[in-house]
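Okay, structure first, notes after.
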Amino acid sequence: MFGERLVADFREVKQRFDPDRVLNPGKIVDAPKMDDRSLFRYRPDYRVGELNTKLDWSAYPGAGAGFQGAVEMCNNNGACRKLEGGVMCPSYRATRNEKDVTRGRANTLRLAISGQLGPDALSSDEMMETLKLCVSCKACRHECPVGVDMAKMKIEVLAARVASHGLTLRDRMVGYLPRYAGLASRFAPLANLRNRSPLLRKLFERFAGISARRALPAFRSDVFAPSADAVGPEAGREVVLFADTFNRIYERENLDAALRVLAAGGYRVHLPKPSSGGRPLCCGRTFLSAGLVDQARAELDRLVAAFAPFAARGVPIVGLEPSCLLTLRDELASLRKDDDAKAVGAHALTFEELLMREAEAGRLQLPLGAVADKALVHGHCHQKSFGAFKPVEQVLRLVPGLKVETIESSCCGMAGAFGYGAETYDASIEMAELSLLPAVRGADPATLVVADGTSCRHQIQDGAQREALHVARVLAMSLDRAKTHSTTPVAKEPSHG
């Protein structure tokens, strides 16, 4: 377009003002060859050696039974760097640092598995630093144009880390929670002593890496432990209620409310117990967050054995905690490929998904009354990633007179144990302050604040001093109100206007 003479002039200007070629070298003039592979990310000598992996990556090609292909799915399009809309990527929105975005992590993983960062790079301190702020929100799995699944990759890296470096005290405390929760509940006042003692808070921060600025969820002696195997009318439509560890030991009110709502709707609610007896069922979520894949598989084996007979009959498996219930639709498939596991995953529904499916089929009969004028709703990251958040809004609109407003938020920042870490506490608060906490603080005191995630509710309580309710509790409140006010039963989904 300019001709050789003007291009030569451009070159001379650049050489005079930038003799060391540090300002945009190779741009305008002296551009590199477009077909020179030595300049590409995948150079001629690019190789990935064999890797020992824990999860199933067979949907992808390459080393590590497909782990290489999953990592290389990142094509650097940069969609993860967005700052508004959706969820991806919460840590980048807080830090604006390339290493804290999905693309930066994927590139680091690619360099690590191809030997460009030295031996044992996958389990190195530097790799853990790269993944430190990843909250495993799974938004990249859904919002990335090529579906980079960084949350799943992080589990693989954590497993490699455990294999080479062992577990930290905090990892043990978090990962093994389902194993000791029963004992801690029996001695709840003693187990909760740390929250009341500034000295113990400091000791926990020093030796376990748990921030002294956080109160840990309080154990309680009255855990959810129903004696009956089923409740509700015997002739009612069957459902299975998955009593996850978090709601069972910390917030049984949510499970009690769900039982009341389902029974009021005419459902026969099964509460399966482990076929071999012992402690209650668990999805293994805490073990996965610590890289303990084998232990997570053992938990899921117990769960599948208890739930598979119901799934074989087409009975829905309903859960309240999104991260736990959706483990059955996600990680379970990466750990087991048998028909029982597939059936359990196929029948796993969130509480709201079940209710909306029944409402749309004209089978939902709940006598509901007005409870408030407005509800402010925060969606759990996994709900958004798996398309399970819209039913939350729809179910809340079943409550007469309730205006539903959704907070346009990314991750709440708590993300399981992430928000409790001494080294990640500040980042956790930064994520919450982007939109969630300001919206909650600005809400009228009479407005209901709704969040299905255990971590989300704790973050809201810590950061805004407002109680957030699970949808099940809102519906139970609505049932109570209907008892004192004559209300027409809700039998179908309302308009979304």
Any idea how many residues of the stretch 309-329 are in contact with a strand residue (DSSP E or B) (Cβ under 6 Å, 6 or more places away or on another chain) and of a type in the set (Ser, Thr, Tyr)? 0
Given the criteria in contact (Cβ under 8 Å) with a residue 24 or more places away in the chain, among the small types (Gly, Ala, Ser) and more than 30 Å from Arg170 (Cα to Cα), does Gly291 qualify? no
Please work out if Phe242 is over 21 Å from Glu299 (Cα atoms), modelled with pLDDT of 95 or more, crowded, with 23+ Cβ neighbours inside 10 Å and of a type outside the set (Val, Ile, Thr). no
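Residues are listed down the side, and each one gets a yes or a no for (1) at pLDDT below 95; (2) open to solvent by 100 Å² or more (accessible area, probe 1.4 Å); (3) under 34 Å from the mean Cα position of the chain (by Cα):
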site: Ala8; (1), (2), (3): no, no, no
site: Arg16; (1), (2), (3): no, yes, no
site: Asp30; (1), (2), (3): yes, no, no
site: Met34; (1), (2), (3): yes, yes, no
site: Arg37; (1), (2), (3): yes, yes, no
site: Leu51; (1), (2), (3): yes, no, yes
Please state which one of Ala228, Ala258, Ala311 is surrounded by fewer than 23 Cβ atoms within 10 Å (Cβ to Cβ), at negative phi and more than 20 Å from the chain's Cα centre (by Cα). Ala228
Picked from the stretch 35-84 (must be in contact (Cβ under 8 Å) with a residue 40 or more places away in the chain and aliphatic (A, V, I, L, M)), the residue nearest to Leu109 (Cα to Cα) is Val71
The stretch 163-182 residues that are basic (Lys, Arg), paired with ones that are assigned to a helix (DSSP H, G or I) (beta carbon under 7 Å, 6 or more apart): Arg170/Ala208
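Residue under question is Ser91, and the condition is that it be at pLDDT below 95, surrounded by 15 or more Cβ atoms within 10 Å (Cβ to Cβ) and hydroxyl-bearing (Ser, Thr, Tyr); does it hold?
When the stated conditions are applied, Ser91 passes them.
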Enumeration of residues in the stretch 403-430 that are surrounded by fewer than 24 Cβ atoms within 10 Å (Cβ to Cβ), aliphatic (A, V, I, L, M) and either within 10 Å of Val135 (Cα to Cα) or touching a Ser or Thr at 6+ places or on another chain (Cβ under 6 Å) (or both): Ala417, Ala422
Of everything in the stretch 341-390, what is within 30 Å of Asp444 (Cα to Cα), of a type in the set (A, V, I, L, M, F, W, C) and not in a loop (DSSP other than H, G, I, E, B)? Give them in sequence order. Phe351, Leu355, Met356, Leu366, Ala375, Leu376, Val377, Cys381
Pick out the one residue from Arg103, Arg93 that is in contact with a Cys (Cβ under 6 Å, 6 or more places away or on another chain), assigned to a helix (DSSP H, G or I) and not hydrophobic (A, V, I, L, M, F, W, C). Arg103
His485: surrounded by fewer than 19 Cβ atoms within 10 Å (Cβ to Cβ), in contact (Cβ under 8 Å) with a residue 12 or more places away in the chain and under 22 Å from Lys374 (Cα atoms), yes or no? yes
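The values are calculated or read from the model by the stated rules, or taken from the named source; none is laboratory data. Note that the structure is predicted; figures quoted are calculated from it, not measured. Here Cβ is always computed from backbone atoms with ideal geometry, including for glycine, and neighbour counts include all displayed protein chains. Only protein heavy atoms, including side chains, enter the accessible area calculation; ligands, DNA and RNA are left aside. Shrake-Rupley method; radii C 1.70, N 1.55, O 1.52, S 1.80 Å.
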